[in-house]
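Encoded as structure tokens, the structure appears first; notes follow it.
Computed from the coordinates by the stated procedures, all read-outs in this text should not be read as laboratory data. Keep in mind that what you see is a predicted model, and the values were worked out from it rather than measured. All Cβ positions, glycine included, derive from the backbone under ideal geometry; neighbour counts span all protein chains shown.
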Amino acid sequence: MKTTGKIIADLRKEKGMSQEELADVLFVTRQAISKWESDAGSPGIDNLQRIADYFGVSIDYLLGKEEGGNAPSAQTQKQKRLSKTEAKNVAGVKKKIGRALGIFGLVGLILAFAGFFTPYYSVGDLSVNLLELFLPARLQCNRLVDLHRRHRHGGRRLGDRRI
């Protein structure tokens, strides 16, 4: 009786896919595919459903409960090329999304620094001195630090001498 990992590996190889390509299609890591195929781990029910849908088999077949009942027949070269192309397209889209997020993050960081070093920020008729916004919070922090120091030094201010 075949294990789930062996069945997944056979299905992947029949389709002419690498572990990386299958991982991209299923939105998991290559390491996850490797663990499943070596029976070091097993896919969760959500991943089993995705695998079954992708390969056109039942979950029972993946779990080894059906003897080749819904096993796919040998695929043509055109279908193999198509599945590789799909996997490459998914990987390309992932890269593009990653780059876009990186660019947006960098722009946000630049704008944050520009706003921090610019004392005034205006939107229409509203002009705000950013330093004035943060000054009350800074004064409160100074008061708390001073109270803590007094408590540590017996109720006297730092610099006061006992006579």
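Brief remarks on what is shown
- Amide H contacts for residue 41 (H built 1.01 Å from N in the peptide plane; partners 5 or more residues away or on another chain; cut-off under 5 Å): 36.
- With R₀ set to 45 Å, the beta-carbon distance separating residue 38 from residue 106 gives a calculated FRET efficiency near 0.70.
- Couplings 3J(HN,Hα) for the range 40-50, derived from phi with the Karplus relation 6.51 cos²θ - 1.76 cosθ + 1.60 (θ = phi - 60°), are 7, x, 9, x, x, 4, 5, 5, 4, 5, 4 Hz, where x marks Gly and Pro.
- Cα shape, the range 1-50, gyration tensor, a/c 1.5 rule: rounded
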